[in-house]
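*Asks:* Can you read through this structure? Questions will come right after.
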Ligand SMILES: Nc1ncnc2c1ncn2[C@@H]1O[C@H](COP(=O)(O)OP(=O)(O)OP(=O)(O)O)[C@@H](O)[C@H]1O
Ligand SMILES: [Mg+2]
C-alpha cells in the first residue's frame, strides 16, 4: 500500500470493503463476567484500528473472538476477505508477551507457524530470513531469545506473525513493556510495514498517544460490561513521522480521544 492509498482510504472509508464484522457480539464467561456486551464493529480492508480502553474492558477478548480462538456467547463474528487465502495465512497474532520458545533459535521461533503447516526448514528458509530482515533482525537468526533485549524479542514475535504473510494482523499491547524510545521506533517500523504490505491491523493499547500516532481509527471501549463507547477516525495523513508528535493537529486529536476515554472510564456515554 502506498502512503497516498492509505490516506485516500481514510478520506473515504465507505468505499473500502468491510472484511471483518462483529454483530451484536457478547461474551459472558462461566463465572458470570460479561466481558463484552452487544459489540458492533466493522473493520475495513487496510484500516489500522486501535482498541483503547481501561484494563478489563474486553480488548483481549475482542481480539480472541476476531481470531476465532473463542466463540461469542451471542452475536456473530464474520470474515469476508475478498480474495480468500489459506486459513493460516489469513491472520497473524502478536500476543502481549513475546511467548518465544527459549530453547530454540530466533530462526526456529519464526519458522514455527510454517513448520506447523508442514513447511520444511529448507523450504521456509527464504520466508523466515525475509521476515527477520523486515524487523531488522537478519543478523540474529542463530541467537537464542535469552540473548536478546525485550524490544528484540518483540521483533521476533512480530516476524513470527508476519512470516505467513497475513492479511490481517492482530496485536495485543505489543509494545507495552518497552521503553519510550524503543516503543517509538517500533511504532515507526510497524507503520512502515503496514503501508508497504497493506495489512488490516487491529492494535490493542492503553496509550492514547500511541493509538493516535498509529491509527486510521480509534475505538474507545468502556468496561463493566465491555462495550464500544466511541469510534473515531484519526484524520491525520500518512506517512506519519516523529515530527507529527509535536504538531498541534496531533495534540488536538490526543485531547479529543483522551476526553472520550475519560468519559468511557467514568461510566458515562459521551
Ligand atoms: N477466561 C476467562 N474467564 C473469566 N473471566 C475472564 C476470562 N477472560 C477474561 N475475563 C474477564 O473478562 C473481562 C475482560 O478481560 P480482557 O482480558 O478482555 O480485558 P482487557 O481489556 O484485555 O484488559 P487488559 O487491558 O488488562 O489486558 C475482565 O473482567 C476479565 O477478568
Ligand atoms: Mg488484554
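*Asks:* What FRET efficiency would be calculated for the residue pair residue 147, residue 243, taking the C-beta separation as r and a Förster radius of 22 Å, to the nearest 0.05?
*Replies:* 0.05
*Asks:* Taking a ≥ b ≥ c as the square roots of the Cα gyration tensor eigenvalues, with a/c under 1.5 meaning rounded and otherwise prolate when a/b beats b/c, else oblate, which class fits region 100-164? Mind showing how you got there, number by number?
*Replies:* Working: a/c = 1.76, a/b = 1.45, b/c = 1.21.
The shape class here is prolate.
*Asks:* With each run of n ≥ 4 DSSP H residues scored as -39500 (n - 2.57), what mean residue ellipticity at 222 nm is computed for the chain after dividing by its residue count and rounding to the nearest 500 deg cm²/dmol? Write down the numbers at each step before the final one.
*Replies:* Details: 9 runs with 103 residues, N = 270.
That calculation yields -11500 deg cm²/dmol at 222 nm.
*Asks:* Further question on the same structure: Sort 29, 197, 175 by Cβ crowding within 10 Å, fewest neighbours at the top.
*Replies:* On the way: 29 11, 197 15, 175 26.
By the 10 Å Cβ count, ascending: 29, 197, 175.
*Asks:* What do you get for the angle between helix 180-197 and the principal long axis of the chain? Use alpha-carbon atoms, 0 to 90 degrees, nearest ten.
*Replies:* 80
*Asks:* Once the Cα atoms of helix 106-116 and of the chain are each reduced to a long axis, what angle between those two axes, in degrees from 0 to 90 to the nearest 10, is obtained?
*Replies:* Relative to the chain, helix 106-116 is tipped by roughly 80 degrees.
*Asks:* Would you work out if region 34-82 is rounded, prolate or oblate? Take a ≥ b ≥ c from the square roots of the eigenvalues of the alpha-carbon gyration tensor; rounded if a/c is under 1.5, else prolate when a/b is larger than b/c, oblate otherwise. If you can, show how the numbers build up before the last one.
*Replies:* Details: a/c = 1.96, a/b = 1.24, b/c = 1.59.
Oblate, since a/c reaches 1.5 and b/c is not below a/b.
*Asks:* To continue, here is another question. With a ≥ b ≥ c taken as the square roots of the eigenvalues of the C-alpha gyration tensor of region 56-154, please select rounded if a/c is under 1.5 and otherwise prolate if a/b is larger than b/c or oblate if it is not? Numbers along the way, then the final one.
*Replies:* Working: a/c = 2.56, a/b = 1.55, b/c = 1.66.
Oblate, since a/c reaches 1.5 and b/c is not below a/b.
*Asks:* Just need the Rg to Rh number for the chain, please, alpha carbons only, Kirkwood Rh. Could the numbers behind the result be given before it?
*Replies:* Working: Rg = 18.3 Å, Rh = 19.1 Å.
With Rh from the inverse mean 1/r over Cα pairs, Rg/Rh is 0.96.
*Asks:* If you don't mind, there's one more thing I want to ask. Can you sort 243, 144, 117 by how many other beta carbons sit within 10 Å, fewest first?
*Replies:* Working: 243 8, 144 16, 117 13.
If I rank by nearby Cβ atoms, fewest first, I get 243, 117, 144.
*Asks:* Let me ask something else about it. On C-alpha positions alone, give me the angle between the axis of helix 150-162 and the longest principal axis of the chain, in degrees, nearest 10.
*Replies:* Taking the Cα atoms of the chain, the angle to 150-162 is about 90 degrees.
Read-outs: derived from the displayed coordinates by stated rules, not from any lab. Note that the structure is predicted; figures quoted are calculated from it, not measured. Here Cβ is always computed from backbone atoms with ideal geometry, including for glycine, and neighbour counts include all displayed protein chains.
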